[in-house]
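Novice: First the structure, then my questions, so here it is.
The values are calculated or read from the model by the stated rules, or taken from the named source; none is laboratory data. A quick note: this is a predicted structure, and the numbers were derived from the prediction, not measured. All Cβ positions, even for glycine, are placed from backbone atoms using ideal geometry, and neighbour counts span all protein chains on display.
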Amino acid sequence: MRLLFIFLFVCTISFAQQNKYQISFENAVHHEVKINIQFPGIKTDTFTVRMSRSSPGRYAIHEFAKNVYGFKATDSKGKELKVTRPNPYAWAVTGHDGIVNIEYILFANRGDGTYSQIDPTHAHLNMPATFMFAEDLQERPIEITYNTEAMPNWKVATQLKHIEGNTFSAPNLQYFMDSPTEISNFRIKSFEIDGKNVRFVLHDPSSDELFNEYFERVKKIVEQEMKVYGELPDFDYGEYTFLACYIPNVSGDGMEHRNSTILTDVETLANGGMKGNIGTVSHEFFHAWNVERIRPQSLEPFDFTEANMSGALWFAEGFTSYYTNLILCRAGIISENDYIDGLNGSFNYVWNSPALQYFNPIEMSYQAPFVDAATSLDPVNRENTFISYYSYGSVLGLALDLHLRDKGLNLDDFMKLVWHSYGKPEVPYEIKDIENLLKQYAGEDIAKNFFNKYIYNSNMPDYKQLFANVGVDLSRKANESFLDISVENSENGLVMTNNPKIGAPSYKAGLDKGANIISINTIPVTSVEEFNEITSELKPGQKISLKFSNYGEEKTVEVGVDKNPSYQINIDPKPKKKALKNRENWLSAK
């Protein structure tokens, strides 16, 4: 979260009125915390506090107010004040004497990058999910004290400025809300790089030996990502903190913040997390530049009362996703073969999606409030209408990098230019600004071609040639069959579980999600194993008779078997010398 005024507050903070927060954990076993807030110097007759409906780094609505109860407001003398509810998210207080003390209980039991979790193992706090605020007092400094007497072995880790003991401060609400906090019996390691202190806080039962090994990988990631931009950001207070909870009771997630990141997963380092969690480290730390400081104007300032929409997520999230595994390869954490093989999933997901006909990458980015951990009851048709801006932006970042490298340039140097133009001075950008910078870096023809074809429209780059330039082969699985039917066993028989893609054989035949598959070519099909055995023998161009039931009606349809549209990306075992050199320059450590 970008600070609009950096540290001008330092000289005046001691003279400003502070909102003071306290939180205690006496009933952690039942996932409750007690929160007290003092708001001094209130000048309006009606003073309103509220819970957030969104959280930094997330773009959808999250109704945090639903977990608040036991609300009480008092004045400076302890007199209880009248409280009314103007809407589901706010509490309006009247009759105060200039000071309003708020007290409430919060239930919290989801540990991830958005919500909070309180239990006997830790207090995992995302601030918007935890703390009320007053919209009229957003520029006030905040002081918070974590009362851990009930959990004497707990320690506090956060990007907030340390005052003393368990008391910390933030210059304003934006900074406070962007500062997640982990309170537990964690372990911590740190190292110095580029004049900054990088800390890794680990809440995980695994051995010290595994932590040491994992920490060495984290260091390599930090070093390689710094090489992309040429320097680390000027972290506030000279420090960056990874807050990692790898324990069975959390939910897998990662969330970037200005000088820290949340990392959560059920896999401990000893139980698959050594390999499974390191990609999130790579992705989230890259955000310390791209999205936290190289920041879209559309997300500035972040609105805690509404969904936050941006058309730049293909760049902010997507280009970050492109670098996620590339950095792991450059750091020696995964092999070149593993990296190239890992491109297949996103590549096929994007370029075989019918959604390309509906939205370009900017419009896909606009969908974030509907998909970014958003919830809904009604069914959706995302298989046909949506491509994740993470994946879409990632394969476009790949295309741009390979195209630039063919011209003697590269995406690393372009990202450096973006950093020095918008990130380091912390000037929010518009999408047109990125296009203009690409013109400056690579020339008008390259920039116009890339943006007009692939950003403002949904065309596919010439990946076959781009890959060939770096000794990688791109082909199609034309000999394999394709129906686009996913099934699972149920009490009612074999059920189709996917919305078929537009144009797929199952779509043309009128099958739909929820259909019961009865037989293929009059052969009864009653299990996933039987379905897979029969369909694995099918050949492209073949026609089959498929019997199914849906909406209480049985039908038999003829289904034409298509060629598998999937692409296959592999390292060329015998590349030309120039292509091999290009691949080494692309994937090797910097």
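Novice: Inspect segment 343-355 for any residue being modelled with pLDDT under 95 and surrounded by 17 or more Cβ atoms within 10 Å (Cβ to Cβ) and give the result as yes or no.
Specialist: no
Novice: For residues in segment 59-78 being surrounded by 12 or more Cβ atoms within 10 Å (Cβ to Cβ) and charged (D, E, K, R), which is farthest from E317 (Cα to Cα)?
Specialist: D75
Novice: List pairs: first in segment 25-41 and of a type outside the set (S, T, N, Q), second assigned to a helix (DSSP H, G or I) and at pLDDT 95 or above, Cβ under 7 Å, 6+ apart or cross-chain?
Specialist: Going by the 7 Å Cβ cut-off, the qualifying pairs are F39/L137.
Novice: I've got another one for you. Can you pull out every residue in segment 520-536 that is more than 22 Å from K563 (Cα to Cα) and in contact with a strand residue (DSSP E or B) (Cβ under 8 Å, 6 or more places away or on another chain)?
Specialist: T522, P524, V525, T526, S527, listed by residue number.
Novice: Okay, moving on. Which condition number in (1) among the hydroxyl-bearing types (S, T, Y); (2) exposed (fewer than 15 other Cβ atoms within 10 Å of the Cβ); (3) more than 29 Å from K576 (Cα to Cα) is the one that S475 fails?
Specialist: Here S475 meets the rest and fails (3).
Novice: Taking E182, is it under 23 Å from K34 (Cβ atoms) and not in a loop (DSSP other than H, G, I, E, B)?
Specialist: Considered against the rule, which asks whether it is under 23 Å from K34 (Cβ atoms) and not in a loop (DSSP other than H, G, I, E, B), E182 comes out as yes.
Novice: From (1) buried (at least 21 other Cβ atoms within 10 Å of the Cβ); (2) closer than 30 Å to E216 by Cα, pick out the condition that doesn't hold for P361.
Specialist: (2)
Novice: Additional query: All but one of (1) loosely packed, with under 15 Cβ neighbours inside 10 Å; (2) at negative phi hold for G195, so report the exception by its number.
Specialist: (2)
Novice: Can you list the strands (runs of 3 or more DSSP E) found entirely within segment 13-82 that contain at least 3 residues being more than 23 Å from P120 (Cα to Cα), assigned by TED's automatic domain parsing to the domain that holds P141 and among the basic types (K, R)?
Specialist: Where strands (runs of 3 or more DSSP E) fall fully within segment 13-82, none carries at least 3 residues being more than 23 Å from P120 (Cα to Cα), assigned by TED's automatic domain parsing to the domain that holds P141 and among the basic types (K, R).
Novice: To continue, here is another question. Can you tell me which condition M151 does not meet? The list is (1) part of a loop (DSSP other than H, G, I, E, B); (2) closer than 13 Å to L125 by Cα, and all the others hold.
Specialist: Single failed check for M151: (2).
Novice: Just to confirm my filter: which helices (runs of 4 or more DSSP H) fall fully inside segment 377-433 and include at least 2 residues that are in contact with a Gly (Cβ under 9 Å, 6 or more places away or on another chain)?
Specialist: Result: 389-406, 411-418.
Novice: Can you find, within segment 564-577, the residue that is surrounded by the fewest Cβ atoms within 10 Å (Cβ to Cβ) among those that are more than 34 Å from the chain's Cα centre (by Cα) and touching a residue at least 12 places away in the same chain (Cβ under 8 Å)?
Specialist: In this case the residue turns out to be K576.
Novice: Filter segment 547-562 down to residues that are under 41 Å from the mean Cα position of the chain (by Cα) and closer than 17 Å to K508 by Cα and give me whichever is surrounded by the most Cβ atoms within 10 Å (Cβ to Cβ).
Specialist: The residue in question is F548.
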